[in-house]
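A.B. asks: Before I ask anything, let me first share the structure, which is written out below as structure tokens.
The numbers here are math on the coordinates, done by the rules we state, and not lab data. Only a predicted model underlies this, so the values are computations on that prediction, with no experimental measurement involved. Glycine also receives a Cβ, built like all others from the backbone with ideal geometry; neighbour counts cover every protein chain displayed.
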Amino acid sequence: MSAKIRSILVDDEAGNRANLKSLLKNYCPQIEVIGEANSAVSAMDLIHQTKPQLVFLDIEMPQGNGFDLLNKLDRIDFEVIFVTAFDQYALKAIKFCALDYILKPIDILDLKAAVQKAETRILEHEHSEAWQVFQENQKSQSNPKIALPTGNQVDYVPIAEIIRCRGEGNYTHFYLKSGKALMVSKTLKEFEELLKEHRFLRVHQSHLINVRFVKSYVKSDGGFLRMEDQSEIPISRQRKEFVLAKLK
């Protein structure tokens, strides 16, 4: 890439900004740091002034967090890489929309991979639907959408339309209310963590179900669940007592 990616760093701690700036200089030469901000308020002004292509954004800051900053912008026409200490709630929101993040302390390989993905999107002039979905999810927690990367595209699916998920090694198959099926190259365990607060229940090593779509419990053949799509989902012996208690 001949022209460098015009970038800004947003973090309330000067030491964190200096460390990230040094790592970018040494390992990501395609990045040009054109400004720094120490709060969401100053970042807003800096974004309007410099019109960056990429923003490295901390989440927890004084005077509003990184999410507040993005929600106040009328338009997000730049890529964002979240740089944050581990925060389960924040990471769930980010993962739901397949956005990029790196954890503090920064791992060089994670940094290079995130920058490379951002560079690809900038080169291809992609305006990702992820941001629209991210903002919708922030405003309404009642029916959020989840990003499902399938092949060379990302499908944004309302959680309420997912009937069940089936794990197969490093892949997860999603079965939707519409009858459509999607395959994602992530483990069932990852989606269990994301979806368990949305009435999804792991009933078997290979099966995660949306409780809303359970039609009946059948006692024969060791016990299984019949879902509204007529699928029959086995319940593992170890989980049976727990699952039946949850369904009650």
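A.B. asks: Using Cβ counts within 10 Å as a stand-in for footprinting exposure, how do Phe78, Phe242 rank, fewest first?
C.D. replies: Details: Phe78 20, Phe242 14.
Taking fewest neighbouring Cβ atoms as first place, the list is Phe242, Phe78.
A.B. asks: Among 158-170, 54-66, how do they line up by average Cβ neighbours within 10 Å per residue, starting with the highest?
C.D. replies: Packing order, densest peptide first, comes out as 54-66, 158-170.
A.B. asks: Which residues does the label zone of Thr120 cover in segment 88-113, counting backbone N under 13 Å from a point 7 Å along Cα→Cβ?
C.D. replies: What the label zone holds, given the 13 Å backbone N cut-off, is 100, 113.
A.B. asks: Taking the Cβ of each residue in Met183, Met44 as the centre, tally the other Cβ atoms inside 10 Å and list the residues starting with the fewest.
C.D. replies: Ascending number of Cβ neighbours within 10 Å: Met183, Met44.
A.B. asks: Neighbouring Cβ atoms within 10 Å as the yardstick, rank Arg75, Arg121 fewest first.
C.D. replies: Lowest count first: Arg75, Arg121.
A.B. asks: For segment 1-154, what does the relative contact order come out to in percent, with C-alpha contacts under 8 Å and a separation of six or more?
C.D. replies: Numbers: 215 pairs, mean separation 29.6, N = 154.
Across segment 1-154, relative contact order equals 19 percent.
A.B. asks: Right, next: What percent antiparallel are the DSSP beta bridges of the chain, to the nearest 5?
C.D. replies: DSSP beta bridges in the chain are roughly 60 percent antiparallel.
A.B. asks: So, by mean Cβ neighbours within 10 angstrom, what's the order for 22-32, 202-212 with the highest one leading? Mind showing how you got there, number by number?
C.D. replies: Working: 22-32: 15.4, 202-212: 19.8.
Output ranking for 22-32, 202-212: 202-212, 22-32.
A.B. asks: Cα extents of the chain along the three principal axes, largest first, in whole Å?
C.D. replies: Principal axes ranked by extent give 66, 36, 31 Å for the Cα atoms.
A.B. asks: How much of the calculated P(r) for segment 117-248 lies past 21 Å, in percent of all Cα pairs? Spell out each step's value before the answer.
C.D. replies: Numbers: 3894 of 8646 pairs.
The calculated P(r) of segment 117-248 puts 45 percent of pairs beyond 21 Å.
A.B. asks: Counting only residues 5 or more places away or on other chains, whose amide H sits under 5 Å from the amide H of Glu79 once H atoms are built in the peptide plane?
C.D. replies: Here Leu54, Val55 satisfy the definition.
A.B. asks: For Phe242 and Ser140 in one chain, what is 0.36 nm times their gap in residues minus the Cα-Cα distance, to one decimal in nm?
C.D. replies: 33.7 nm
A.B. asks: Here's a follow-up. Between the DSSP loop rule and a limit of at most 13 other Cβ atoms within 10 Å, which chymotrypsin sites (Phe, Trp or Tyr not before Pro) in segment 132-177 are left?
C.D. replies: none
A.B. asks: To the nearest Å, what is the center-to-center distance of segment 28-78 and segment 130-169, using C-alpha atoms only?
C.D. replies: Result: 25 Å between the Cα centres.
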